[in-house]
Every structure is written in C-alpha cells, then in structure tokens.
Amino acid sequence: MDGAVERLAKVRAVEARMKERRVQLREEIARSELGQELAVLDNDLATVCGVAADWDRIARAKALDVYYESGNKAPHMAVKIKVRKVLEYDQDAALRYCIESGARGLLALDRGAFEVYARRVKGTPMAVGCVTVTEEVVATVARDLGEYEEAGND
C-alpha cells in the first residue's frame, strides 16, 4: 500500500495534536478578560437576536393584518406584501396529463417548467385539471431599518 497507512498515521497524529492545541487555546481565551467579554457579548447578542426575531414576526403579522383588512400591499415604507401563486397538484396526475395531452416534453416533470406551463394554459381548453392555483401572501421587511431606529410607534 506504498506507505499509505504510515502517512495516514502521521497525519492523524498531527491532527490530534492540532485539535488538542485548539482546545487549550479556547480554554486560555475563555479565562482571559477578552474571552469573558466575548462570552458576555455572545450571550447578549443571542438575546437581542431572539428579540429581533420576535419583532420581525410581529411586524410581518401586523403587515398581513393590514393587507387582509385593506388590501394595502405597502403598509409601511419598509414593509411590502407579496402575493405568490402556489400550485398544488398530484405529481402522478401531472405525469398522466403530460402523457395524455401530448406534452411529452414535460415528462421528466421539471417542476419549474411544468408550473410555468400550467400557469400559461390556465383558463384555456389545455388547462391542467390536476393543478389548483392558490395564493400565498408573504410580508417582507426591509433588512436595513436604520432610518426607523429612532422613530416613534406607528
């Protein structure tokens, strides 16, 4: 085996020494003043991230409430409502449709291509009977909210 096992043994020994040194360095850092400051910061950051996620959910929910009440797709300058068409269908029925209708180019059922086709023929005699088109309403909040940081309640 041309020394492969020996080389592997040497590399594994180096790997083990490096992992042990990494553990030692992490322990030293954790005991240092900067390491302790980093631990506090990590904890505070985790808390703030959780609060941000909560407020993000609240903002999206309020935006959806406004949309459902008024149809307003821009309830705030930093919030937009998107309405996506969602196709639901049985894949076996879709394959049967492709075979029966002569749309054999879709037989591999490239979902994207099939959905584009199903949208295009919706409402025509070639409509795909096994497809139901529903709407999915999604609120998006701008990533940069710096200009609203000091703003009051709205």
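The values are calculated or read from the model by the stated rules, or taken from the named source; none is laboratory data. Fair warning: this is a prediction, and the values are worked out from it, not measured in the lab. Cβ sites come from the backbone with ideal geometry, for glycine too, and all protein chains shown count toward neighbours.
The residues in the stretch 51-61 that are among the basic types (Lys, Arg) and at pLDDT 95 or above can be counted, and the count is 0. A search for C-beta distances below 9 Å between a residue of the stretch 121-140 that is charged (D, E, K, R) and any residue that is exposed (fewer than 10 other Cβ atoms within 10 Å of the Cβ), counting only pairs 6+ apart in sequence or on different chains, returns Glu135/Arg84; Glu136/Arg84. Which is acidic (Asp, Glu), surrounded by 13 or more Cβ atoms within 10 Å (Cβ to Cβ) and within 30 Å of Asp56 (Cβ to Cβ), of Glu136, Glu115, Glu147? Of Glu136, Glu115, Glu147, the one residue that is acidic (Asp, Glu), surrounded by 13 or more Cβ atoms within 10 Å (Cβ to Cβ) and within 30 Å of Asp56 (Cβ to Cβ) is Glu115.
Only residues that are at pLDDT below 95 and hydroxyl-bearing (Ser, Thr, Tyr) were counted in the stretch 68-103, giving 3.
Only helices (runs of 4 or more DSSP H) whose full extent lies in the stretch 1-108 are considered here, and the ones with at least 2 residues that are of a type in the set (D, E, K, R) and more than 30 Å from Met126 (Cα to Cα) are 4-31, 33-70.
Being modelled with pLDDT of 95 or more and either surrounded by 11 or more Cβ atoms within 10 Å (Cβ to Cβ) or among the polar types (S, T, N, Q) (or both) is a description that does not apply to Val48. Check Ala63 against each of (1) exposed (fewer than 10 other Cβ atoms within 10 Å of the Cβ); (2) touching a residue at least 60 places away in the same chain (Cβ under 8 Å) and name the one condition it does not meet. It fails just one condition, (1).
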